[in-house]
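A.B. asks: Got a structure here, written out as structure tokens. Questions coming.
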Amino acid sequence: KKIRSLNKVKSPGTVRRLSIKMKKLPELRRKLSLRSPRPRGQEETSPPETRKESRNVISRYHLDTSVTSRPGLPRAKAAGRGGYLSDGDSPELPSKTGGRGDTEDGETGLDVGAFRPYSCGDTPPSRCGQHISGLVSVHLHGVRDLKPPRAESREVFCVLQVDAANRARTALLTCKTAFLGLNHTFNLELEAARNLKVIVFSWDPTSCRNRLCCHGTVVLPHIFRGCRAQQLAVRLHPRGVLYSKLTLVEQWDGPGEREPRVFGVDLGQLVERERTATKVPLLIQKCVAEIEKRGLKVVGLYRLCGSAAVKKELRDAFERDSAAVTLSEQLYPDINVITGILKDFLRELPTPLITPTLYHVVLEAMARRPPRTPPGERDAVSLLDCLPDVEK
């Protein structure tokens, strides 16, 4: 019986009723104070609004979530914790501070002197034909001296192009002054890239078309010469300055800079170079062994794709040294990455495993093979004996 009474006290309904009674304590104190003897003239001189307000508990305690605390009153430390009042009943609306829409706010938070002036025309002609491959982080701080669009079209957006191909863009931004605060970061995977172009468009609602505001170009191989991070004040045309930070996070070898050693190589040459006893490339041996070890019960095996970045990392590891690659579950927990590498290797072979001369013969033999053929008949499989040793 005692346990039942304790559970009843801890029930939400009981706690709610106790909370309501606790909130009525100030009203009870006020009624008791009214009963105490005091001069009758003092009660008559007080205005009726004050007497009416003193009887209203809601006017003295913020029980509505839409009511903010009265200005000028000091708050305790617990009152501002998490944006809630100290009693934990009603949230306090956060104060609305002005954004970075005006020019002063945008420029005071930006150290203009830390950015190096840059113009596409300053690039030496000898470096114009170079390219770069890797992962580049582009952080756009803002645009200064930007001509605000017309009054009917205050919305603008930025587009990032790599060699005339759109790679990223911002959302629509409201531009009211000559400074446009951006604070956007983009991570771009580049392969034999040369130019990074930033274009600012404005949306014209009357013609339902994008209008060009300004644009600027950065020659990537030139700015990353000897330094992996650059803060640039890029000159825009016809006017404007773009404050940005470009960082070369990872640099990769371009497709034409290194001769392939595993992918896209003739199967006979690969086996001869690796000198394996089974005449099977190390990539196939390791991938098949790992797939049979922990992938046969995975749903969607050989059908789902793994992470492109992890596949790129594993592909480069096989190109460097196939014998040193370890396909453990700790290093590559996603089995789809390993199946994807195996499929890429077979897809990029110069010649298929089954030669074209035997391809149609094998298909015809498989079609003529009756269902539930006894194991002794191996007509279709025996055709594979005609293949070279490496393909078998």
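A.B. asks: Tell me the helices (runs of 4 or more DSSP H) entirely within region 297-378 that contain at least 3 residues that are modelled with pLDDT of 80 or more and surrounded by 12 or more Cβ atoms within 10 Å (Cβ to Cβ).
C.D. replies: The helices (runs of 4 or more DSSP H) meeting that bar are 308-320, 335-347.
A.B. asks: Output the residues belonging to region 208-230 that are more than 16 Å from residue 250 (Cα to Cα) and either assigned to a strand (DSSP E or B) or among the hydroxyl-bearing types (Ser, Thr, Tyr) (or both).
C.D. replies: Of everything in region 208-230, those that are more than 16 Å from residue 250 (Cα to Cα) and either assigned to a strand (DSSP E or B) or among the hydroxyl-bearing types (Ser, Thr, Tyr) (or both) turn out to be 209, 210, 211, 212, 213, 214, 215, 216, 217, 218, 219.
A.B. asks: Further question on the same structure: Report whether or not residue 170 is more than 23 Å from residue 116 (Cα to Cα), modelled with pLDDT of 85 or more and not hydrophobic (A, V, I, L, M, F, W, C).
C.D. replies: Judged against the criteria, residue 170 is a match.
A.B. asks: Out of all the residues in region 249-262, is one or more under 30 Å from residue 179 (Cβ atoms) and out of contact with any helix residue (DSSP H, G or I) (no Cβ under 9 Å at 6 or more places or on another chain)?
C.D. replies: Yes, some residue in region 249-262 is under 30 Å from residue 179 (Cβ atoms) and out of contact with any helix residue (DSSP H, G or I) (no Cβ under 9 Å at 6 or more places or on another chain).
A.B. asks: Also: It is to be established whether one or more residues within region 179-195 are among the charged types (D, E, K, R), closer than 14 Å to residue 244 by Cα and modelled with pLDDT of 85 or more.
C.D. replies: no
A.B. asks: Can you name the residue in region 314-358 that is touching a helix residue (DSSP H, G or I) at 6+ places or on another chain (Cβ under 9 Å) and of a type in the set (Asp, Glu) and, of all such residues, is nearest to residue 301 (Cα to Cα)?
C.D. replies: My answer is 334.
A.B. asks: Pick from 201, 224, 179: which is closer than 30 Å to residue 316 by Cα and among the aromatic types (Phe, Trp, Tyr)?
C.D. replies: Result: 224 is the single residue among 201, 224, 179 that is closer than 30 Å to residue 316 by Cα and among the aromatic types (Phe, Trp, Tyr).
A.B. asks: Quick one: how many residues across region 273-308 are touching a Gly at 6+ places or on another chain (Cβ under 8 Å) and either among the hydrophobic types (A, V, I, L, M, F, W, C) or under 15 Å from residue 324 (Cβ atoms) (or both)?
C.D. replies: 2
A.B. asks: Considering each residue of region 163-220, count those that are more than 20 Å from the chain's Cα centre (by Cα) and at positive phi, and give that number.
C.D. replies: Final tally of qualifying residues: 4.
A.B. asks: Also, quick follow-up: Taking into account only those residues within region 262-276 that are under 19 Å from residue 387 (Cβ atoms) and surrounded by fewer than 17 Cβ atoms within 10 Å (Cβ to Cβ), which is modelled with the lowest pLDDT?
C.D. replies: Only one residue fits best here, namely 276.
A.B. asks: Does region 187-215 hold any residues that are buried (at least 17 other Cβ atoms within 10 Å of the Cβ), of a type in the set (D, E, K, R) and touching a Pro at 6+ places or on another chain (Cβ under 8 Å), and which are they?
C.D. replies: Passing the criteria: only 194.
The values are calculated or read from the model by the stated rules, or taken from the named source; none is laboratory data. Bear in mind that the values here come from a model prediction, so they are computed numbers and not experimental data. FYI the Cβ positions are ideal-geometry reconstructions off the backbone, even for glycines, and counts take in every protein chain you see.
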